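Here's the structure, in structure tokens; my notes come after.
The values are calculated or read from the model by the stated rules, or taken from the named source; none is laboratory data. Fair warning: this is a prediction, and the values are worked out from it, not measured in the lab. FYI the Cβ positions are ideal-geometry reconstructions off the backbone, even for glycines, and counts take in every protein chain you see. For accessibility, only protein heavy atoms count, side chains too; no ligands or nucleic acids. Shrake-Rupley method; radii C 1.70, N 1.55, O 1.52, S 1.80 Å.
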Amino acid sequence: MTVTHKVANYAKWKPGYDAHDSARLANGLHNYVIARGIDDSNMVMVAMKMDDVTKARAMTSDKDMKARMAKAGVIGVPSFDFLEAVMNDTTAIQQTARLMVKHKVKDWDAWKKVFDADKQARMDAGLTDRVLAHTVGDTHSVTIVFAVADVAKAKAFGSSKALMDKMKEGGVEGKPTMFFYKIAEKY
């Protein structure tokens, strides 16, 4: 499960987050990564491993959790994603910069074939595949995480015609969302 939201002040938010680890554990959620946006360091993404998607979904609509988030300084409406990882490379690497891309696809298998065939272009752009996932129960909603060697180079690749053509070939629907972040804490 990932939660992405803006906070008023990261230094004030983090102790509030840490104080409620028991509530997360009671709902089968285990801390994995906390990240801060590269373009806005008060944009936070929390990734957790989940034991039970039903319990995790129930927790996200809990009024007490919403109150705790507001008290900790969460601004606006958080985004919750419940993901099934198809690939998760946990090999230790030096880079802490990451890119999370989310988009819709017409057909998972057709998209994945094009994605797999384009690996060299990603590597040439300084991107290393780390996580490939789709929403639980929905293979049309894809999330990909890359380690980033050079943010400027990755941003240029992300807006390149070559990538847009590959996404079109793979059946990507609509505009993808791209979030560049740095790992702040890994559990």
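Things worth noting here:
- Residue match in the range 127-150 (condition: without any contact (Cβ under 8 Å) to a residue 60 or more places away in the chain, surrounded by 16 or more Cβ atoms within 10 Å (Cβ to Cβ), outside any helix (DSSP H, G or I) and charged (D, E, K, R)): yes
- Of all residues in the range 5-39 being open to solvent by less than 50 Å² (accessible area, probe 1.4 Å) and assigned to a loop (DSSP other than H, G, I, E, B), the one that is farthest from Phe146 (Cα to Cα): Asn27
- All positions within the range 40-82 that are charged (D, E, K, R), assigned to a strand (DSSP E or B) and closer than 17 Å to Tyr181 by Cβ: Asp81
- Pairs are defined by a Cβ separation below 9 Å, a sequence spacing of at least 6 or placement on different chains, a first member in the range 97-118 that is closer than 14 Å to Lys168 by Cα and among the β-branched types (Val, Ile, Thr), and a second member that is surrounded by fewer than 19 Cβ atoms within 10 Å (Cβ to Cβ) and modelled with pLDDT under 95; no pair meets this definition.
- Residue in the range 101-109 that is in a helix (DSSP H, G or I), buried (at least 16 other Cβ atoms within 10 Å of the Cβ) and in contact with a His (Cβ under 8 Å, 6 or more places away or on another chain) present: yes
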